[in-house]
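Heads up, the thing below is written out as structure tokens.
The values are calculated or read from the model by the stated rules, or taken from the named source; none is laboratory data. Note that the coordinates shown come from a computational prediction; the quantities given were computed from them, not determined experimentally. All Cβ positions, even for glycine, are placed from backbone atoms using ideal geometry, and neighbour counts span all protein chains on display. What goes into the accessible areas is simple: the full protein's heavy atoms, side chains included, and nothing from ligands, DNA or RNA. Shrake-Rupley method; radii C 1.70, N 1.55, O 1.52, S 1.80 Å.
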Amino acid sequence: MNGPDIHVEFAPELHLFVPRARSGGAVRAATDGVSTLGHLVESLGVPLTEVGALLVDGVEVPPGHVPAGGESVRVRPVGHPQRVPGAPLRFLLDVHLGTLARRLRLLGVDTAYESADPGDPALAALSAADKRVMLSRDRGLLRRRELWAGAYVYSTRPDEQLQEVLDRFRPDLHPWTRCTACNGLLRSATKDEVAQQLKGGTQRSYDVFAQCTACGRAYWRGAHHEQLEAIVERAVSRSAQGG
């Protein structure tokens, strides 16, 4: 872009993506009379998944607006809670977010995840095919046009990542209903049905079990249950308070 400049002001929440905007909150960018405002914003470093309203000289415009020299642009962050129309709210996570995937599944949130990395094109295609919100810390992945919807995960800490997703999307929570290994739904199971998966001490100590209807994995209230219960209680309490 090498045409007349425009003035682009970013909300503080977006300065992570545009370091040179941190001092004054704004940058100058050249236009070419062809590229859209959405393309320009992404070229400056901000994935459109993180953009809410785009205001040109105080008037909201779509990302397809072609900016002209001299315009003043304000880029606002996406609003919370974010509504994703057109499909049930469900997620797809990239290979780096395995702990977050397990915690979302623990809360009963439909979450697709594979530990083997299929690559950005395959992830974007799956997001579109299954109409899943892509969660990632990879800005390049979030810029792919095939995505159904997406969101940048700002934190590197699983506890904070989970809270980010819950605050942003407010998914319905149904704890203890999904397999944390494969995302399948759980059902009650008898000890006899899962006996082959139990060691001697477990078989003697526990009588209440669940089993995944997809992969067959057995669940019971074992040594880590208190830790998992604490994660669930925090999430449910915060959800009940509206974030």
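Data for the structure
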read-out	value
Matching residues in region 108-123 - criterion: being assigned to a loop (DSSP other than H, G, I, E, B), small (Gly, Ala, Ser) and buried (at least 18 other Cβ atoms within 10 Å of the Cβ)	GLY108
Residues located in region 1-41, provided they are buried (at least 21 other Cβ atoms within 10 Å of the Cβ) and in a helix (DSSP H, G or I)	LEU14, ALA21, LEU37, LEU40, VAL41
Boolean, GLY86 is in contact with a Leu (Cβ under 8 Å, 6 or more places away or on another chain) and either at pLDDT 95 or above or under 14 Å from ALA149 (Cα atoms) (or both)	no
Qualifying residue in region 119-135 (condition: closer than 26 Å to SER43 by Cα, of a type in the set (S, T, N, Q) and in contact with a helix residue (DSSP H, G or I) (Cβ under 9 Å, 6 or more places away or on another chain))	no
Output for region 60-80, where each listed residue is out of contact with any strand residue (DSSP E or B) (no Cβ under 7 Å at 6 or more places or on another chain) and modelled with pLDDT of 95 or more	PRO62, GLY64, VAL66
Every pair of residues 6+ apart whose Cβ atoms lie under 7 Å, when the first sits in region 39-61 and is in contact (Cβ under 8 Å) with a residue 40 or more places away in the chain while the second is open to solvent by 20 Å² or more (accessible area, probe 1.4 Å) and of a type in the set (Phe, Trp, Tyr)	none
Single condition GLN163 does not satisfy, out of (1) closer than 28 Å to VAL84 by Cα; (2) open to solvent by less than 20 Å² (accessible area, probe 1.4 Å)	(2)
